Amino acid sequence: MLVISNGIECYCLPDCAVCQSCHKRMKDIQECPEHNDTCDADCEYYAELWDEKDLKEELAKDEDKLLLDEAEQ
Ligand SMILES: [Zn+2]
Ligand SMILES: [Zn+2]
């Protein structure tokens, strides 16, 4: 996911930057199926979850991931 910060492409996103629309790490998605192909820090879906527990909870909401986990079992 391309993240724009102050009009400039942001190349070094923190690992904890997530899309709260699709519940994935910004780094792991090329574009968001649910809102845009770019994002910025002011976006309502953009969040940096520095707390490991919050981050895990957010990523756990990802339905694609849940399906994968079920398939592996
Ligand atoms: Zn998304
Ligand atoms: Zn966004």
L66 versus (1) in a loop (DSSP other than H, G, I, E, B); (2) more than 18 Å from M1 (Cα to Cα): which is the lone unmet condition?
-> (1)
Filter result for D42 (in a loop (DSSP other than H, G, I, E, B) and of a type in the set (D, E, K, R)) | yes
Among the residues of the stretch 1-15 satisfying the criterion of being away from ligand 1 (no atom under 15 Å from the Cβ) and closer than 14 Å to E48 by Cα, which is surrounded by the most Cβ atoms within 10 Å (Cβ to Cβ)?
-> C10
Identify all residues within the stretch 22-42 that are near ligand 2 (Cβ under 9 Å from one of its atoms), under 16 Å from E63 (Cβ atoms) and without any contact (Cβ under 8 Å) to a residue 12 or more places away in the chain; write none if there are none.
-> none
Between residues in the stretch 1-14 that are of a type in the set (S, T, Y) and residues that are assigned to a loop (DSSP other than H, G, I, E, B), which pairs lie under 7 Å by C-beta distance while being six or more apart or on different chains?
-> S5/A41
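Okay, residues lined up against (1) among the charged types (D, E, K, R); (2) at pLDDT 90 or above; (3) within 12 Å of the chain's Cα centre (by Cα):
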residue: P14; (1), (2), (3): no, yes, yes
residue: V18; (1), (2), (3): no, yes, yes
residue: S21; (1), (2), (3): no, yes, yes
residue: E31; (1), (2), (3): yes, no, yes
residue: C43; (1), (2), (3): no, yes, yes
residue: D51; (1), (2), (3): yes, yes, no
residue: E57; (1), (2), (3): yes, yes, no
Restrict the check to the stretch 28-46 and report whether at least one residue is more than 11 Å from ligand 1 (Cβ to nearest atom) and buried (at least 17 other Cβ atoms within 10 Å of the Cβ).
-> no
Please state which of the following conditions Y45 fails to meet, knowing it meets all the rest: (1) within 13 Å of ligand 2 (Cβ to nearest atom); (2) under 15 Å from K65 (Cβ atoms); (3) of a type outside the set (A, V, I, L, M, F, W, C).
-> (2)
Being part of a loop (DSSP other than H, G, I, E, B) and among the charged types (D, E, K, R) is the filter; apply it to the stretch 1-39 and report the residue that is farthest from L66 (Cα to Cα).
-> D37
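The values are calculated or read from the model by the stated rules, or taken from the named source; none is laboratory data. Since the model is a prediction, treat every value here as computed from it, not as a measurement. FYI the Cβ positions are ideal-geometry reconstructions off the backbone, even for glycines, and counts take in every protein chain you see.
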